[in-house]
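Participant: Below: one structure in structure tokens.
The values are calculated or read from the model by the stated rules, or taken from the named source; none is laboratory data. Quick caveat: nothing in here was measured; it's all calculated off a predicted structure. Here the Cβ positions follow ideal geometry from the backbone for every residue, glycine too, while neighbour counts run over all protein chains shown. With ligands, DNA and RNA removed, areas are computed over all heavy atoms of the protein, side chains included. Shrake-Rupley method; radii C 1.70, N 1.55, O 1.52, S 1.80 Å.
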Amino acid sequence: MKKTWTKNDLIEKIQSEIGISLSDSSKIFEEIVEEILSSLENGNDVKISNFGTFSVKKKKSRLGRNPKTGDEKEITARNVISFYPSKTVKSKIS
Amino acid sequence: MTKSELILKITSKNSYLYHKDVYKIIDTLFNCVTQALKNGDRVELRGFGTFTTKLRNARIGRNPKTGDPVAIPQKKMPFFKMGKSMKERINS
């Protein structure tokens with residue numbers, strides 16, 4: 001059956017595999033996420049070998065359309081994160 | 001930032017942990033996500049984003065050099081969608 005993994009599942013997994021307390025595991029997890037986010041925020045890519053690369057892409061503003069009403073509207077310039085999976089992950093999943 | 005730089009940063013913040021412990025933690029974390037995706041599960045991390053898989057249909061590709069047709073089988077690809085708070089942070 002399809003399952004959704006959450007933060008807690010990963011924190012528990014780290015706790016049981018490494019043998020540290022749940023609070024430490026949770027603290028380290030948050031620190032890892034924060035490091036990745038702040039790196040991306042500063043415009044730096046994050047490369048995790050054997051997993052993939054997170055990079056920031058700058059999107060230019062463009063004209064879009066409301067599909068319901070057909071009204072034209074400007075979509076403002078924005079940044080998005082793209083994730084490129086590494087070869088190992090791709091081959092493991094396929 | 002690379003994985004080794006991430007490990008160094010986390011190690012410096014948690015002096016009671018050895019470098020190899022942090023390495024193991026980070027490895028466990030990403031292996032866990034990979035394993036979940038392999039099982040067809042999704043991983044939803046609030047404040048970060050969601051990892052899911054998408055199915056790519058089988059198709060006939062071509063060797064760009066020779067033009068020979070090559071059968072490409074159906075495959076599952078990992079896919080990441082950023083979360084709301086991540087979106088807000090990188091756009092501020």
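Participant: If B:ARG46 meets every condition in (1) within 8 Å of chain A (Cβ to nearest Cβ); (2) buried (at least 16 other Cβ atoms within 10 Å of the Cβ) apart from one, which number is that one?
Facilitator: (2)
Participant: Would you confirm, using the coordinates I've provided, whether B:ASN31 is open to solvent by 70 Å² or more (accessible area, probe 1.4 Å) and within 21 Å of A:GLN15 (Cβ to Cβ)?
Facilitator: So B:ASN31 fits the description; yes.
Participant: Only residues that are loosely packed, with under 10 Cβ neighbours inside 10 Å and closer than 19 Å to A:ILE93 by Cα: list them for region B:72-92, please.
Facilitator: Within region B:72-92, B:PRO73 is the sole residue that qualifies.
Participant: Output the number of the condition that A:SER23 fails; it satisfies all remaining conditions of (1) over 21 Å from B:LEU6 (Cα atoms); (2) exposed (fewer than 13 other Cβ atoms within 10 Å of the Cβ).
Facilitator: Single failed check for A:SER23: (1).
Participant: Quick one: would you say B:THR34 is among the polar types (S, T, N, Q), part of a strand (DSSP E or B) and under 13 Å from the mean Cα position of the chain (by Cα)?
Facilitator: no
Participant: Which residues, counting only those in region A:77-94, are open to solvent by less than 40 Å² (accessible area, probe 1.4 Å) and assigned to a strand (DSSP E or B)?
Facilitator: A:ASN79, A:VAL80, A:ILE81, A:SER82, A:PHE83, A:PRO85 - these are the residues of region A:77-94 that are open to solvent by less than 40 Å² (accessible area, probe 1.4 Å) and assigned to a strand (DSSP E or B).
Participant: Within region A:73-90, which residues are more than 23 Å from B:LYS87 (Cα to Cα) and either among the basic types (Lys, Arg) or modelled with pLDDT under 90 (or both)?
Facilitator: A:LYS87, A:LYS90
Participant: Let me confirm something: among A:GLU35, A:GLU41, A:GLU12, which residue is under 24 Å from A:LYS92 (Cα atoms) and either modelled with pLDDT of 90 or more or surrounded by 11 or more Cβ atoms within 10 Å (Cβ to Cβ) (or both)?
Facilitator: Working: A:GLU35 fails: under 24 Å from A:LYS92 (Cα atoms); A:GLU41 fails: under 24 Å from A:LYS92 (Cα atoms).
Answer to the check: A:GLU12.
Participant: Same structure again: Take B:TYR16 and decide whether it is open to solvent by 30 Å² or more (accessible area, probe 1.4 Å), more than 7 Å from every other protein chain (Cβ to nearest Cβ), part of a helix (DSSP H, G or I) and among the hydroxyl-bearing types (Ser, Thr, Tyr).
Facilitator: Numbers: open to solvent by 30 Å² or more (accessible area, probe 1.4 Å): yes; more than 7 Å from every other protein chain (Cβ to nearest Cβ): yes; part of a helix (DSSP H, G or I): no; among the hydroxyl-bearing types (Ser, Thr, Tyr): yes.
In short, no.
Participant: Turning to a different aspect of this structure: Please tell me if B:VAL22 is outside any helix (DSSP H, G or I) and at pLDDT 90 or above.
Facilitator: Spelling it out, it is not the case that B:VAL22 is outside any helix (DSSP H, G or I) and at pLDDT 90 or above.
Participant: Among the residues of region A:48-76, which ones are surrounded by 16 or more Cβ atoms within 10 Å (Cβ to Cβ) and in contact with a Lys or Arg (Cβ under 7 Å, 6 or more places away or on another chain)?
Facilitator: Residue satisfying the conditions is A:ILE48 alone.
Participant: Further question: Condition first: among the hydroxyl-bearing types (Ser, Thr, Tyr) and either at the interface with chain B (Cβ under 10 Å from one of its Cβ atoms) or within 25 Å of A:ASN42 (Cβ to Cβ) (or both). Now tell me which residues in region A:60-91 satisfy that. Reasoning before the result, please.
Facilitator: Step one: list which residues in region A:60-91 are among the hydroxyl-bearing types (Ser, Thr, Tyr), which gives A:61, A:69, A:76, A:82, A:84, A:86, A:88, A:91.
Answer for region A:60-91, where residues must be among the hydroxyl-bearing types (Ser, Thr, Tyr) and either at the interface with chain B (Cβ under 10 Å from one of its Cβ atoms) or within 25 Å of A:ASN42 (Cβ to Cβ) (or both): A:SER61, A:THR76, A:SER82, A:TYR84, A:SER86, A:THR88, A:SER91.
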